[in-house]
Amino acid sequence: MKQSSKEEKNIPEEEPGTEISAKLNLKAAISLVNEVTEQIESVKRASEVADDAWDAGFWKGINASFDVAREKGAVLEKLEQAISLASSARLSDSSISVIQEEGGMEVEMTPDIVIGWAYVYKGILFALSGEWKKAQHWFEESLKAYPTADAQFRLACTVIAQGYRNDAIVEYRKVIDMYPESEEAVEATKALVDIQQMKPKKWRTALILSIFLGLFGIDRFYLGYSLKGILKLFTAGGFYIWWIIDIIQIARNSLRDANGMKLER
């Protein structure tokens with residue numbers, strides 16, 4: 001029997017519906033990310049309510065915190081589904097894209113864009129709960145998938161929140177250099193002015209002051225904690241206990257200065 005032309009040329013048969021499946025997966029991923037966009041605001045409000053609930057009592061604070069954790073978990077699950085669907089669409093068709101309307105404009109959405117924004121939202125969720133290291137990780141992953149000024153600025157904010165002054169300066173400058181026309185560049189410029197006005201405190205100086213003059217609160221004065229310095233002065237280093245605790249904290253570099261910055265080694 002004579003072979004078909006496709007068999008003679010060894011051209012593989014295309015799986016039926018591959019393009020449709022890839023587009024459906026991408027559209028479903030976009031839909032999930034759009035849902036999360038709205039839910040993020042709900043999580044923010046729930047987090048604020050939880051913070052206030054602790055003032056009303058221990059059990060109210062616990063219940064509110066559980067509500068936030070449950071809502072956060074549901075949003076993270078949606079983001080994982082969106083990432084999985086977008087990755088599947090990209091695997092099926094590396095050139096796949098979908099046109100979406102945003103603010104009356106048509107925007108081309110690709111799997112990388114969807115994955116990038118999903119990572120940004122994961123970073124935002126962890127930042128809301130003060131898990132800065134995890135938030136930093138997901139903003140970095142977002143920049144690998146689809147670089148944006150928003151992700152770069154948020155990354156810089158997580159770095160400064162952890163007290164890394166010099167690293168934050170580097171990240172904020174990246175926003176300005178890479179996205180000079182963006183709103184994030186304006187905010188980064190203002191943040192840089194504030195950071196550069198902070199005089200960095202040296203770890204070695206703080207440790208020496210704490211060991212030899214900590215009983216008089218000189219270490220706390222050096223770090224910018226004037227009131228605590230006075231308290232240490234008039235209580236003989238908090239009856240020696242506070243003096244020892246501060247020496248240990250400074251030695252481990254876990255005590256930040258009054259601006260929230262880690263001490264420079």
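Every number here is computed from the coordinates shown, using simple stated rules; none is lab data. This structure is a prediction, so every number in the text was calculated from the model and none was measured. Cβ coordinates were reconstructed from backbone atoms using ideal geometry, including for glycine residues, and neighbour counts include every protein chain displayed.
Within straight cross-link reach of Lys199, meaning Cα distance under 26 Å, which lysines are found once same-chain residues fewer than 8 apart are removed?
Cross-link targets: Lys133, Lys174, Lys190, Lys228, Lys232, Lys262.
Using 7 Å Cα-to-Cβ label points, what is the Asp52/Ser87 separation (nm, one decimal)?
Calculated label separation equals 3.9 nm.
P(r) for segment 203-251: what percent of alpha-carbon pairs falls in each 5 Å bin, starting at zero?
6, 30, 39, 22, 4
Roughly what would the spin-label model give for Asp112 and Glu140, points 7 Å off Cα along C-beta, in nm?
Between Asp112 and Glu140, the label points sit 2.0 nm apart.
Normalising by the residue count of segment 47-112, find the relative contact order in percent from Cα pairs under 8 Å and 6+ residues apart.
Working: 41 pairs, mean separation 12.1, N = 66.
In percent, rounded to a whole number, it is 18.
Return the tail of the calculated pair distribution for segment 19-146, meaning the percent of Cα-Cα pairs more than 20 Å apart. Write down the numbers at each step before the final one.
Details: 3984 of 8128 pairs.
The calculated P(r) of segment 19-146 puts 49 percent of pairs beyond 20 Å.
Figure the gain on full extension for Arg204 and Glu131 (residue separation times 0.36 nm, minus the Cα-Cα span) and round it to one decimal in nm.
Full-extension gain reported as 23.5 nm.
For the modelled label position 7 Å from the Cα of Glu80 along Cα-to-Cβ, which residues of segment 113-141 have backbone nitrogen atoms closer than 14 Å?
So the set is 122.
Quick one: what Rg and Dmax do you get for the chain from the alpha carbons, in Å?
Considering the chain through its Cα atoms, Rg and Dmax are 26.0, 104 Å.
Given a cut-off of under 8 Å on Cα pairs at least six residues apart, what relative contact order in percent is computed for segment 28-73?
32 percent
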